[in-house]
Amino acid sequence: MAFLEWLEATSFSTWLKLSPSIWAYPSVLFLHTLGLSAAAGCSLALDLRLLGVARATPLAPYERFFPLMWTGFWISVLTGAVLVAADATTAVTNPFFSLKLALIALGIGVAVPIRRALRAHQGSEPVPRAVWWLAIASMVAWCGAIAAAHATAYLDPAALASAPNIGGVQ
Amino acid sequence: MNAWWVGPVCETLHGIGITVFVGIVAVLNLRALGVARPLPLAPLRRLLPWAAGAFLLQLVTGLVIMSRDLPVYVHNVAFWMKMLCLVLVGLAAGLSRVTGLSRAEEAVGAGEDAPAASKARAIISLLLWVGVLYWGRMMQFFNTAF
């Protein structure tokens, strides 16, 4: 806890949170959104393909989207770390935040074998059952992570206990 | 409609909807620009009905979110910038249909290069959707009336 308090009190964290500049909190938050859209968005599109949408397209070329997904992922990790540092004491102790991290770990965990399956896939053979389940897990992970991210922001247990006045523009 | 959870649930669905949508748009536009060239465009466009479904989800949840706090949105510059981006997205989509560009894209087979016009369309589309994401995010920082 002392570490989290220190992190939140660093001059960088206070600048990020309190600066009226558009280059502070708003821009970091936007980059976070952009990165996760690239990572989770492309993953979800690929999951749809693995579940049978656009099944006339060959699977192997989808691997070319992975560099974009990884770039987006690392942008959201870096910006996410910065955003968490600014709100360390409330963010890290929020159980929905731990859930979000667990779901992201699941999403990344299944992305690796999915990529391997894309490489191994030949022509128009059907998607193996195991890969079908990986795609389901990936969808659950990314949609769940987005839901948990919203819950982290809106359903802060401490805030909810005192005043369940949430929703709308924050 | 006024229960406390309606806002958070709608915003969560709105967030999932835009992620699915932007993901599909990114894959299609990047293919038009030459990424993953072995993908033939006609069957790849079967992803579009799912994007349309995600868009419908965004529209419905967006209207519910808005209706709960209408004055806040009417006076929000970022909200109108987002709407402007969406109108331009619609115009671009209509234009590529009218000019036959959509049909030309249907004909782009595996390994083939998309026409220059379709690359230009893809860049504009990507930029407009980044604009939608940007102004959507900025809405919370333009909370005061102008």
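Scan (1) part of a helix (DSSP H, G or I); (2) out of contact with any helix residue (DSSP H, G or I) (no Cβ under 8 Å at 6 or more places or on another chain); (3) modelled with pLDDT of 90 or more for the single condition B:V72 breaks and write down its number.
So B:V72 meets the others, but not (3).
Considering only the range B:103-126, how many residues are surrounded by fewer than 17 Cβ atoms within 10 Å (Cβ to Cβ) and either within 12 Å of another protein chain (Cβ to nearest Cβ) or of a type outside the set (A, V, I, L, M, F, W, C) (or both)?
9
Is it the case, given these coordinates, that A:A148 is over 24 Å from A:L48 (Cα atoms) and in a helix (DSSP H, G or I)? I'd like the intermediate steps shown before the answer.
Values: over 24 Å from A:L48 (Cα atoms): no; in a helix (DSSP H, G or I): yes.
Judged against the criteria, A:A148 is not a match.
Which ones in the range A:42-60 are at the interface with chain B (Cβ under 7 Å from one of its Cβ atoms), in a helix (DSSP H, G or I) and under 12 Å from B:W50 (Cβ atoms)?
Hits for the range A:42-60 are A:L44, A:A45, A:L48.
Could you please tell me which pairs satisfy a Cβ distance under 6 Å, a separation of 6+ or placement on different chains, a first residue in the range A:140-151 that is more than 7 Å from chain B (Cβ to nearest Cβ), and a second residue that is among the β-branched types (V, I, T) and part of a helix (DSSP H, G or I)?
Pairs found: A:A145/A:I104.
Looking at the structure I just gave you, is B:V89 in contact (Cβ under 8 Å) with a residue 40 or more places away in the chain, over 20 Å from the mean Cα position of the chain (by Cα) and surrounded by 16 or more Cβ atoms within 10 Å (Cβ to Cβ)? Break it down stepwise before answering.
Working: in contact (Cβ under 8 Å) with a residue 40 or more places away in the chain: yes; over 20 Å from the mean Cα position of the chain (by Cα): no; surrounded by 16 or more Cβ atoms within 10 Å (Cβ to Cβ): yes.
No.
So which of B:R103, B:R45, B:R31 is modelled with pLDDT of 95 or more and among the charged types (D, E, K, R)?
None of the other options fit; the residue is B:R31.
Restricting attention to the range B:128-146, which residues are surrounded by 13 or more Cβ atoms within 10 Å (Cβ to Cβ) and more than 12 Å from chain A (Cβ to nearest Cβ)? Even if it seems obvious, please write down each step before you answer.
Residues of the range B:128-146 surrounded by 13 or more Cβ atoms within 10 Å (Cβ to Cβ): B:128-142.
B:L128 - this is the single residue of the range B:128-146 that is surrounded by 13 or more Cβ atoms within 10 Å (Cβ to Cβ) and more than 12 Å from chain A (Cβ to nearest Cβ).
Scanning the range A:61-95 for residues that are of a type outside the set (S, T, N, Q) and in a loop (DSSP other than H, G, I, E, B), which turns out farthest from A:L16 (Cα to Cα)?
From the range A:61-95, those of a type outside the set (S, T, N, Q) are A:61-70, A:72-75, A:77-78, A:80-88, A:91-92, A:95; that's our starting set.
Checking the rest, the ones that are also in a loop (DSSP other than H, G, I, E, B) come to A:87, A:92.
Numbers: A:D87: 10, A:V92: 17 Å.
Only one residue tops the list, namely A:V92.
Would it be correct to say that B:T61 is part of a helix (DSSP H, G or I), more than 27 Å from B:A114 (Cβ to Cβ) and at pLDDT 95 or above?
On the way: part of a helix (DSSP H, G or I): yes; more than 27 Å from B:A114 (Cβ to Cβ): yes; at pLDDT 95 or above: yes.
Yes; evaluated as a whole, the condition is true for this residue.
Going by the structure shown, is A:A130 crowded, with 19+ Cβ neighbours inside 10 Å and either part of a helix (DSSP H, G or I) or within 14 Å of another protein chain (Cβ to nearest Cβ) (or both)?
Values: crowded, with 19+ Cβ neighbours inside 10 Å: no; either part of a helix (DSSP H, G or I) or within 14 Å of another protein chain (Cβ to nearest Cβ) (or both): yes.
No.
I'm checking my understanding of the structure. Among residues of the range B:108-139 that are among the small types (G, A, S), over 14 Å from the mean Cα position of the chain (by Cα) and assigned to a helix (DSSP H, G or I), which one is nearest to B:M81 (Cα to Cα)?
As a first pass, look at the range B:108-139 and keep what is among the small types (G, A, S): B:109-111, B:114, B:116-118, B:120, B:122, B:125, B:131, B:136.
The next check asks that each one be over 14 Å from the mean Cα position of the chain (by Cα); those that pass are B:109-111, B:114, B:116-118, B:120.
Next cut, assigned to a helix (DSSP H, G or I) only: B:116-118, B:120.
On the way: B:A116: 28, B:A117: 26, B:S118: 25, B:A120: 22 Å.
Per the stated criteria, the residue is B:A120.
If I filter the range B:1-54 down to residues being among the aromatic types (F, W, Y) and surrounded by fewer than 19 Cβ atoms within 10 Å (Cβ to Cβ), which single residue comes out as farthest from the other protein chains (Cβ to nearest Cβ)? Write out each step before concluding.
Going residue by residue through the range B:1-54, those that are among the aromatic types (F, W, Y) are B:4-5, B:21, B:50.
So of that shortlist, the ones also surrounded by fewer than 19 Cβ atoms within 10 Å (Cβ to Cβ) come out as B:4-5, B:50.
Values: B:W4: 5, B:W5: 8, B:W50: 6 Å.
Per the stated criteria, the residue is B:W5.
Inspect all residues belonging to the range A:7-15 and state whether any of them is under 18 Å from A:A81 (Cβ atoms), assigned to a loop (DSSP other than H, G, I, E, B) and modelled with pLDDT under 95.
Taking the range A:7-15 first, the residues under 18 Å from A:A81 (Cβ atoms) are A:7-15.
Checking which are assigned to a loop (DSSP other than H, G, I, E, B) leaves us with A:10.
With modelled with pLDDT under 95 added as a condition, the list becomes A:10.
Yes - at least one qualifying residue is present in the range A:7-15.
Cβ-Cβ below 6 Å, separation at least six or inter-chain, first residue in the range A:2-25 and within 14 Å of chain B (Cβ to nearest Cβ) and within 12 Å of A:T89 (Cα to Cα), second exposed (fewer than 11 other Cβ atoms within 10 Å of the Cβ) and of a type in the set (S, T, Y): which pairs?
none
Any residue at all in the range B:72-83 that is among the hydroxyl-bearing types (S, T, Y), within 20 Å of the chain's Cα centre (by Cα) and either surrounded by fewer than 13 Cβ atoms within 10 Å (Cβ to Cβ) or within 13 Å of chain A (Cβ to nearest Cβ) (or both)?
Taking the range B:72-83 as the starting set, the residues that turn out to be among the hydroxyl-bearing types (S, T, Y) are B:73.
When the remaining residues are screened for being within 20 Å of the chain's Cα centre (by Cα), the result is B:73.
Next, only the ones that are either surrounded by fewer than 13 Cβ atoms within 10 Å (Cβ to Cβ) or within 13 Å of chain A (Cβ to nearest Cβ) (or both) stay: B:73.
Yes, because at least one residue in the range B:72-83 is among the hydroxyl-bearing types (S, T, Y), within 20 Å of the chain's Cα centre (by Cα) and either surrounded by fewer than 13 Cβ atoms within 10 Å (Cβ to Cβ) or within 13 Å of chain A (Cβ to nearest Cβ) (or both).
Applying the selection to the range B:115-132, what residues are touching a residue at least 12 places away in the same chain (Cβ under 8 Å) and within 28 Å of A:T33 (Cβ to Cβ)?
Across the range B:115-132, the qualifying residues are B:S118, B:K119, B:R121, B:A122, B:I123, B:I124, B:S125, B:L126, B:L128, B:W129, B:G131, B:V132.
The values are calculated or read from the model by the stated rules, or taken from the named source; none is laboratory data. Just so it is clear, the structure is predicted and the values come from calculations on it, not from any experiment. Note that we place each Cβ from the backbone using ideal geometry, even for glycine, and neighbour counts take in every protein chain shown.
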